[in-house]
Each structure stands twice: as structure tokens, then as C-alpha cells.
Amino acid sequence: MKQSCRPMPKLPSSHQSAAVRLPITEHQLSMTQLPTIYSITESEIDLNDLLARITLTSTGAAAIFTGMVRGVTARGDAHETEYLEYESYVPMAEAKMKQVADEIREKWPVVEGIAIVQRIGKLYPKTPTVLIACTAAHRDTGVFDAARYGIDRLKEIVPVWKKEVGPDGQEWVEGDYIPKPGE
């Protein structure tokens with residue numbers, strides 16, 4: 001089954017804070033018929049909905065990582081953040097998210113469900129920006145490592161750009177990863 005993903009529709013600004021269920025589409029099922037969700041969205045991330053969609057009757061563990069917008073950064077050059085603006089080239093980003101999910105399945109075949117969701121748009125402190133969730137039958141099967149790998153790999157290869165806006169101005173935040181030929 002071909003995996004594809006459509007971007008979430010943009011909500012009017014008056015509805016941005018409402019939780020929205022991501023539509024169930026064909027891209028949820030991987031080649032092995034295990035639930036796999038990957039999406040770039042402007043909508044709020046609904047953890048309960050995503051967990052329900054990647055949980056099987058055999059699932060006994062879920063490892064979840066959620067990145068948040070910090071209002072104050074204390075590490076490195078300490079500063080305040082008023083908001084972040086995330087942008088992405090959605091078709092390429094979702095293709096790379098699928099690649100991350102495929103890599104997780106290759107490295108941890110016991111992982112049952114995978115959700116990789118990245119928000120774009122203007123996001124304020126305390127707001128979740130990204131979610132990686134992996135489910136498995138048991139917690140000691142590598143599910144924590146799989147989720148950690150997912151966020152680290154997303155940061156490496158998924159084309160999402162972040163502009164940080166604060167009281168002292170704004171700047172694009174650059175990552176350290178330089179793609180290798182063929183990635």
C-alpha cells in the first residue's frame with residue numbers, strides 16, 4: 001500500500017487552540033500493517049487521539065517525547081523567547097518522516113505503532129511543537145530507545161525551519177546536520 005499524507009487544513013486563528021483530531025488516512029498502515037502516522041500540521045497535537053491510533057490490543061507500553069516552546073532558554077546564550085515560527089516544505093518533510101519511521105521499524109522490529117507529528121506556524125511558550133510516540137508489547141523491548149532515535153533523526157533529516165522571536169529581535173535557528181549524498 002502506498003503511503004501518502006495530506007497536510008492538515010489550516011484553521012482560522014480563532015480556532016488554533018482547539019484540539020483537532022488528525023483525519024485517519026491510508027498512510028497510517030505500514031507495509032507490515034502496523035499503525036504509522038507522520039504529519040506536518042498547524043493544528044494542536046492531540047496526544048490521546050494519536051495514542052489511540054497507534055495502540056494495538058497487544059500494546060503494553062508507549063514511549064512518548066514531546067518538544068515544547070521554551071519561554072526562557074538558560075543553556076548557552078541565555079535569552080527569552082516570545083514565540084517560534086516553524087516552516088516546512090511539507091511533501092519532503094513528510095517523506096523524511098516516513099523514512100524515520102521505516103528506520104525505527106528496521107532497528108526495533110518489536111515496535112507496534114509509531115506517530116511522528118511536527119507543528120508549523122506561530123507557536124508560543126509552553127506549546128508542544130513535536131511529538132514522537134512508539135508503542136510496543138513491553139517497556140523493556142527498546143521502545144524508549146526507538147522514540148529517542150525518532151526525535152534525534154527527525155532533527156537531523158526532516159526539513160523544518162525554526163525562527164526564534166524575542167525581545168531582542170529574531171533569528172533563524174540552524175541545526176548542525178549536513179545531509180550526506182542520497183539522503
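With respect to Glu171, determine if the residue is assigned to a strand (DSSP E or B) and surrounded by fewer than 20 Cβ atoms within 10 Å (Cβ to Cβ). Taking the combined requirement at face value, the residue satisfies it. Here Gln99 does not fit the description of being surrounded by fewer than 18 Cβ atoms within 10 Å (Cβ to Cβ), in contact with a strand residue (DSSP E or B) (Cβ under 8 Å, 6 or more places away or on another chain) and among the polar types (S, T, N, Q).
Any chance the range 64-80 includes a residue that's buried (at least 18 other Cβ atoms within 10 Å of the Cβ) and at pLDDT 90 or above? Scanning the range 64-80 turns up at least one residue that is buried (at least 18 other Cβ atoms within 10 Å of the Cβ) and at pLDDT 90 or above. Only strands (runs of 3 or more DSSP E) whose full extent lies in the range 75-146 are considered here, and the ones with at least 1 residues that are over 23 Å from Ala52 (Cα atoms) are 83-88, 121-123.
Flag set for Thr36, criterion: part of a strand (DSSP E or B), modelled with pLDDT of 95 or more and closer than 19 Å to Val111 by Cβ.
The residue of the range 39-63 that is nearest to the chain's Cα centre (by Cα), among those that are part of a strand (DSSP E or B) and either surrounded by fewer than 15 Cβ atoms within 10 Å (Cβ to Cβ) or of a type outside the set (A, V, I, L, M) (or both), is Ser39.
Number of residues in the range 130-140 that are surrounded by fewer than 20 Cβ atoms within 10 Å (Cβ to Cβ) and not charged (D, E, K, R): the value is 2.
Being within 14 Å of Gln118 (Cβ to Cβ), of a type outside the set (Asp, Glu) and touching an Asp or Glu at 6+ places or on another chain (Cβ under 9 Å) is the filter here; which residues of the range 54-85 pass it? If the condition is that a residue be within 14 Å of Gln118 (Cβ to Cβ), of a type outside the set (Asp, Glu) and touching an Asp or Glu at 6+ places or on another chain (Cβ under 9 Å), then Leu84 is the only one that fits.
The values are calculated or read from the model by the stated rules, or taken from the named source; none is laboratory data. This structure is a prediction, so every number in the text was calculated from the model and none was measured. Please note: Cβ atoms are built from the backbone with ideal geometry, for glycine as well, and neighbour counts cover all protein chains shown.
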